[in-house]
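The values are calculated or read from the model by the stated rules, or taken from the named source; none is laboratory data. Quick caveat: nothing in here was measured; it's all calculated off a predicted structure. Note that we place each Cβ from the backbone using ideal geometry, even for glycine, and neighbour counts take in every protein chain shown. Areas reflect the complete protein model, heavy atoms only, side chains present, ligands, DNA and RNA absent. Shrake-Rupley method; radii C 1.70, N 1.55, O 1.52, S 1.80 Å.
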Amino acid sequence: MTKSAEKPEVLANNLYSRKPVFAVAPMIDWTDRHCRYLHRQISRHALLYTEMVVADAIIHGPRDRLLGHDASEHPVALQLGGFDPAKLAEAVRIAEVYGYDEINLNVGCPSDRVQSGTFGACLMLTPETVADCVAAMKKVSSVPVTVKCRIGVDEQEPEQALPDLITRVLDAGADAIWIHARKAWLKGLSPKENREIPPLDYDIVYRMKERWPGVFIGINGGIQTLDQAEAHLAHVDGVMLGRAAYQNAAILADVDHRFYGEPSVEPDWNDLRDRMMAYAERHIAHGGRLQHVARHMVGLFTGLPGARRYRQILSTDASKPGAGPEVIAAAFAAVDFAGEGERVSA
């Protein structure tokens with residue numbers, strides 16, 4: 001370990017100066033701009049992440065489609081995929097004008113398409129490359145540059161691989177480390193299996209925080225409830241929920257109170273309905289389809305009476321040609337909110 005990495009001097013700035021941080025994880029095909037808009041209507045303070053965007057796509061592809069977002073989404077972080085320091089730096093330069101609050105490097109995704117590009121979780125096998133990427137991104141970024149990684153891949157020993165990676169990226173200037181507390185198996189397990197089969201090891205993440213007390217370290221992986229999130233925050237600086245937050249976004253309604261000191265208030269589901277209808281109307285007016293927005297809302301009221309009918313309406317009617325915001329109103333009207341905050345009017 002290098003001398004500088006032993007010192008608790010690397011402190012994240014701006015976005016990470018306020019602790020704790022509650023985040024919704026980046027999820028491919030899920031956390032697009034419409035998903036993030038929905039989540040922001042429910043929590044003012046949760047840190048939101050884009051899907052992973054490949055550096056090459058930003059350099060050569062449709063930048064506004066890949067990087068555009070609604071102003072209300074802040075704080076919002078851009079997650080990048082890639083392994084070439086020069087290309088990642090160019091992607092950061094391009095993204096600068098879009099005003100993201102953080103740039104995050106993906107060092108944890110185990111999908112086949114990521115492996116074929118030799119980035120994501122593969123990069124844990126070459127921590128020196130990760131450090132070079134972080135250094136290049138830091139040179140051109142005006143916002144924090146962070147890393148999201150696994151505890152190891154394949155036959156790596158996490159007690160060696162994880163501290164080695166952290167040491168190198170901190171020396172390169174990383175502002176924060178988010179750790180998915182599982183190994184990734186690059187061969188033999190699907191991405192879904194990689195989220196479920198490798199055992200969780202939260203303790204190793206706690207030990208990394210003990211080793212680097214002055215560094216922001218956040219935890220991810222298998223966290224299902226806000227109670228569990230709060231328990232983790234006794235050991236680390238931030239907590240990140242993925243599918244639990246996506247599949248039942250109503251969980252976000254208590255985030256601002258529990259983690260950011262806001263007054264406890266009952267969710268105004270009428271207001272959420274109206275805002276999502278107005279947003280969907282704007283999206284449709286610009287050539288989009290209702291389904292692009294509604295698909296992220298399907299799991300919103302899991303467990304409430306009427307949720308099944310709500311899901312049926314959004315899943316079926318929102319995909320029909322010419323579907324408009326009135327489908328959202330019909331879906332909300334199917335839910336019985338009695339005892340769960342303000343009842344939505346018909």
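I want to confirm something. Restricting to the range 82-114 and keeping residues that are under 12 Å from Val140 (Cβ atoms) and among the small types (Gly, Ala, Ser), which single residue is surrounded by the fewest Cβ atoms within 10 Å (Cβ to Cβ)?
Across the range 82-114, the extreme among qualifying residues is Ala86.
How many residues are within 12 Å of the chain's Cα centre (by Cα) and either among the hydrophobic types (A, V, I, L, M, F, W, C) or open to solvent by 40 Å² or more (accessible area, probe 1.4 Å) (or both) if we restrict to the range 38-79? Let's see the steps before the verdict.
Start the filter on the range 38-79 by keeping residues that are within 12 Å of the chain's Cα centre (by Cα), which leaves 39, 46-52, 75-79.
Still in the running and either among the hydrophobic types (A, V, I, L, M, F, W, C) or open to solvent by 40 Å² or more (accessible area, probe 1.4 Å) (or both): 46-48, 51-52, 76-78.
Number satisfying all stated conditions: 8.
Of everything in the range 148-163 that's buried (at least 19 other Cβ atoms within 10 Å of the Cβ) and under 16 Å from Ala131 (Cβ atoms), which residue is farthest from the chain's Cα centre (by Cα)?
Ala161
Among the residues of the range 275-294, is any closer than 25 Å to Asn104 by Cβ and outside any helix (DSSP H, G or I)?
Taking every residue of the range 275-294 in turn, none turns out to be closer than 25 Å to Asn104 by Cβ and outside any helix (DSSP H, G or I).
When Ala174 is evaluated against the numbered criteria (1) open to solvent by 40 Å² or more (accessible area, probe 1.4 Å); (2) part of a loop (DSSP other than H, G, I, E, B), which criterion, by number, is the only one it fails?
(1)
Could you give every pair whose Cβ atoms fall below 7 Å, whose first residue belongs to the range 286-315 and is among the small types (Gly, Ala, Ser) and at pLDDT 95 or above, and whose second residue is assigned to a helix (DSSP H, G or I) and buried (at least 20 other Cβ atoms within 10 Å of the Cβ), counting only separations of at least 6 or pairs across chains?
That search, which allows pairs on different chains as well, returns Ala294/Leu314; Ala294/Val327; Ala294/Ile328.
For (1) touching a residue at least 12 places away in the same chain (Cβ under 8 Å); (2) under 30 Å from Trp269 (Cβ atoms); (3) assigned to a helix (DSSP H, G or I); (4) of a type outside the set (A, V, I, L, M), each residue gets a yes or a no:
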{"position": "Gly152", "(1), (2), (3), (4)": "yes, no, no, yes"}
{"position": "His180", "(1), (2), (3), (4)": "yes, no, no, yes"}
{"position": "Gly188", "(1), (2), (3), (4)": "no, no, no, yes"}
{"position": "Pro199", "(1), (2), (3), (4)": "yes, no, no, yes"}
{"position": "Tyr246", "(1), (2), (3), (4)": "yes, yes, yes, yes"}
{"position": "Val255", "(1), (2), (3), (4)": "yes, yes, yes, no"}
